[in-house]
Amino acid sequence: MYFLIILGLIVLGVIFVYNGLVTLKNRAEEAWADIEVQLKRRYDLIPNLVNTVKGYATHESSAFENVTRARSAAMGLSAQAGAGNLADKAGAENMLTGALKSVFAIAEAYPELKANTNFLALQNELSDTENKIQAARRFYNTNVRDLNTKIEVFPSNLLAQAFHFSKMQFFDLADNDAAQNNVEVKF
């Protein structure tokens, strides 16, 4: 009788731990999807922003080309399934952020552009999107931390190994010194 009770408790414990791992994995994947949605929104805003600035600053073509290249590289990595290699993705996003900073630096030199309602609306929308990306990234990293912790701690680590749960990578945009420094633009 006691044997069946102990066996039942063990089975319930295994089910509870397994379901917890699945829940954390699904939350992390959902959080990654939220990041992808916000990144797509940013990718969609960039051509409009570049075209607006380009109308005022036609001689700054290298900055616009850099933004276009960085956007294409970041979108190419986004098109790949899942979180994939987050180091490459973070590097591409860092390049895009730096290129966008140069466009905004160019805009500072054109007072009539800074007063343009289309530019201001795009700038505000892009700023809002950047804030949403940061929030989505924090949410993703929190879920990844929780999943990774559960995969590493006893006794859930035994079930994680048995059912092939693997640790996920954090999405860290500021993974190098260059990404943490401000972009310097010289005219």
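The values are calculated or read from the model by the stated rules, or taken from the named source; none is laboratory data. Every value quoted in this text rests on a predicted model; they were computed, and no experiment measured them. Every residue, glycine among them, receives a Cβ derived from its backbone with ideal geometry; neighbour counts consider all protein chains shown.
List of remarks:
- Residue list for the range 34-67, filter: closer than 19 Å to Thr129 by Cα, without any contact (Cβ under 8 Å) to a residue 24 or more places away in the chain and more than 23 Å from the chain's Cα centre (by Cα): Asn51
- Checked against (1) buried (at least 17 other Cβ atoms within 10 Å of the Cβ); (2) at pLDDT 90 or above; (3) under 23 Å from the mean Cα position of the chain (by Cα), Phe171 passes all but a single condition, namely (2).
- Residue that is modelled with pLDDT of 80 or more, of a type in the set (Ser, Thr, Tyr), over 15 Å from the mean Cα position of the chain (by Cα) and more than 19 Å from Arg27 (Cβ to Cβ), where the choices are Thr129, Thr117: Thr117
- Flag: Ile46 matches the condition of being more than 20 Å from Asn157 (Cα to Cα), hydrophobic (A, V, I, L, M, F, W, C) and assigned to a helix (DSSP H, G or I).
- Enumeration of residues in the range 111-168 that are assigned to a loop (DSSP other than H, G, I, E, B) and surrounded by fewer than 16 Cβ atoms within 10 Å (Cβ to Cβ): Ala115, Val153, Phe154, Pro155, Phe163, His164, Ser166, Lys167
- Criterion (more than 27 Å from Gln169 (Cβ to Cβ), in contact with a helix residue (DSSP H, G or I) (Cβ under 9 Å, 6 or more places away or on another chain) and of a type in the set (A, V, I, L, M)) met by exactly one of Ala57, Ala92, Ala70: Ala57
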